[in-house]
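Derivation of every value follows stated rules applied to the coordinates shown; laboratory data play no part. Note that this is a predicted model, so its numbers are computed, not measured. Don't worry about glycine lacking a Cβ; one is built from the backbone with ideal geometry, like all the others, and counts go over all protein chains shown.
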Amino acid sequence: MKLGFGIYRHQLERDNLRFARQCGATHVVVHLVDYFKGLSMSGDQPISGGFGGGWGEAGDPNQLWTFEQLRKIRSLIESEGLVWHAIENFDPAHWYDVLLGGPKKEVQLQHLCEMIEAVGAVGVPVIGYNFSLAGVYGRSSGEWARGGARAVGMAGSVDQEPMPDGMIWNMRCKAAGKSSALTTVDAGVLWQRLEDFLAACLPVAERCGVRLAAHPDDPPVPRLRDTPRLVHRPELYDRLLAIRSSDSNSLEFCLGTLAEMPDCDLYELTERYARENKIAYLHCRNVCGTVPDYKEVFIDEGAIDMARIVAILKDCNYDGVLIPDHAPQMSCAAPWHSGMAYTMGYLKALMDSL
Ligand SMILES: [Mn+2]
């Protein structure tokens with residue numbers, strides 16, 4: 001079992017890699033999507049929601065990840081003594097019609113396969129993805145964690161206002177220009193789109209030694225912004241895995257999102273998927289409550305017994321990576337970094353104590 005650290009696109013530079021290493025990370029998970037492009041920032045955080053209440057601008061549909069670009073990132077990571085374990089998320093610009101079932105679907109599936117090949121060639125073993133129309137949306141923030149630390153959560157209501165045109169996966173993607181017929185579908189249609197994605201991409205991923213790792217829907221509600229959500233119950237992870245039996249069909253196992261699902265036996269679930277070697281990496285955070293009324297808290301408060309989770313992983317000989325997901329922001333000059341450093345220290349101590 002290894003401790004990793006998630007690096008956002010705008011942080012992909014030497015100082016943040018050193019910070020990760022100093023926190024005890026041996027591995028990193030890199031987001032290549034700049035979620036906050038075009039937004040005003042305060043330190044590391046966007047000041048307010050952008051287009052349609054979401055994040056920033058998606059990337060360029062025609063600029064795919066290339067071997068050369070990825071190789072440079074790998075060199076930078078390794079020059080700081082770290083191992084690149086995963087890329088987290090495709091850019092909405094690269095696969096909006098795969099999600100929407102739109103006219104560019106086939107060409108975008110081909111682009112995804114080309115990028116999976118480049119990722120495999122550069123030696124990154126995992127791509128995390130989230131097959132979602134609305135993406136991560138609908139949470140608010142408050143001083144909910146210990147000592148009044150600011151954290152995110154939901155306060156009882158689920159936004160069903162449809163997304164504006166040109167929005168997908170909580171980002172503005174002008175090229176998408178969606179019609180509501182493509183988003184306000186029932187869940188069966190979206191499951192079929194996921195099956196088409198896996199049918200096209202898993203054979204390539206298998207051949208290239210890359211695992212595609214599914215994140216559950218965050219927040220895990222059946223519908224959000226009048227779009228269906230796929231993995232909003234623990235048993236729906238089984239449905240996703242059953243689409244194709246393959247080592248490359250795997251999970252980005254998000255403890256916080258799973259704990260937000262009512263009646264989830266997180267310990268049984270962790271043990272089963274760890275034993276079956278379906279976990280490509282874990283997101284670690286703690287929460288109080290379940291959807292649609294939950295709050296994120298510090299790693300050592302909340303409903304999840306993190307020591308028990310780590311002990312289960314050890315017992316199952318899990319040899320993958322754990323990373324902090326998000327953390328409450330601490331009251332100091334570096335609110336984000338201190339929240340992450342606290343989480344890292346806590347996880348490292350749990351791992352060291354085994
Ligand atoms: Mn997560």
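Over segment 114-272, what number does the Rg to Rh ratio reach, with both radii from the alpha-carbon atoms and Rh per Kirkwood?
Rg divided by Rh gives 0.99.
Ratio of alpha-carbon Rg to the 2.2 N^0.38 Å globular estimate for segment 191-258, to two decimals, please.
1.13
Skipping prolines and chain starts, which residues have an amide H placed within reach, meaning under 5 Å, of the one on F131, given they are 5 or more residues away or on another chain?
H215
Counting each DSSP H run of 4 or more residues in the chain as -39500 (n - 2.57), what helix-only mean residue ellipticity at 222 nm follows after dividing by all residues, to the nearest 500 deg cm²/dmol?
Per the formula, -11000 deg cm²/dmol.
What would the Debye formula give as log10 I(q)/I(0) at q = 0.16 Å⁻¹ for the alpha-carbon point model of the chain, no solvent?
Log10 I(q)/I(0), no solvent term: -1.76.
Just how many pairs of Lys in the chain have C-alpha atoms closer than 21 Å, counting pairs that are eight or more places apart or on different chains?
11
Highest mean first, what order results for 289-302, 57-70 on Cβ atoms within 10 Å?
Going from most to least packed, we get 289-302, 57-70.
State to the nearest 20 debye the size of the charge dipole of the chain about its Cα centre, where the only charges are +1 on K and R beta carbons and -1 on D and E beta carbons.
In total the dipole reaches around 480 debye.
Test of understanding: what is the full-extension gain from D196 to R146, defined as 0.36 nm times their sequence separation minus their Cα-Cα distance?
Here the answer is 13.6 nm.
For segment 298-315, what does the Karplus curve 6.51 cos²θ - 1.76 cosθ + 1.60, with θ = phi - 60°, yield as ³J(HN,Hα) per residue in whole Hz, taken in order and with x for Gly and Pro?
Couplings: 5, 4, 9, 10, x, 7, 8, 7, 5, 4, 5, 4, 5, 5, 4, 4, 4, 4 Hz.
Under the rule of at least 5 residues apart or a separate chain, name every residue whose amide H is placed under 5 Å from the amide H of W169.
So W169 has HN proximity to A134, G135.
Taking 2.2 N^0.38 Å as the expected size of a compact globular protein, what ratio does the Cα radius of gyration of segment 14-142 give against it, to two decimals?
Here the Cα radius of gyration is 1.15 times the empirical estimate.
Put +1 on the Cβ of every Lys and Arg and -1 on every Asp and Glu Cβ in the chain; which of M171, G147, L236 then has its Cα farthest towards the positive end of the dipole?
M171
Have a look at P216, P125, M261 and report the one farthest towards the positive end of the charge dipole of segment 2-352, computed about the Cα centre with Cβ charges (Lys/Arg +1, Asp/Glu -1).
Comparing the listed Cα positions along the dipole, P125 ranks first.
How much length, in nm to one decimal, is gained on full extension between H10 and D315, taken as 0.36 nm per residue of separation minus their Cα-Cα distance?
Difference between extended and current length: 106.1 nm.
Quick one: if the Förster radius is 35 Å, what FRET efficiency do K72 and A303 give, using the C-beta to C-beta distance and rounding to 0.05?
Using R0 = 35 Å, I get an efficiency of 0.25.
To the nearest 0.05, what FRET efficiency results for D265 and L354 with a Förster distance of 30 Å applied to their C-beta separation?
So, using R0 = 30 Å, E works out to roughly 0.85.
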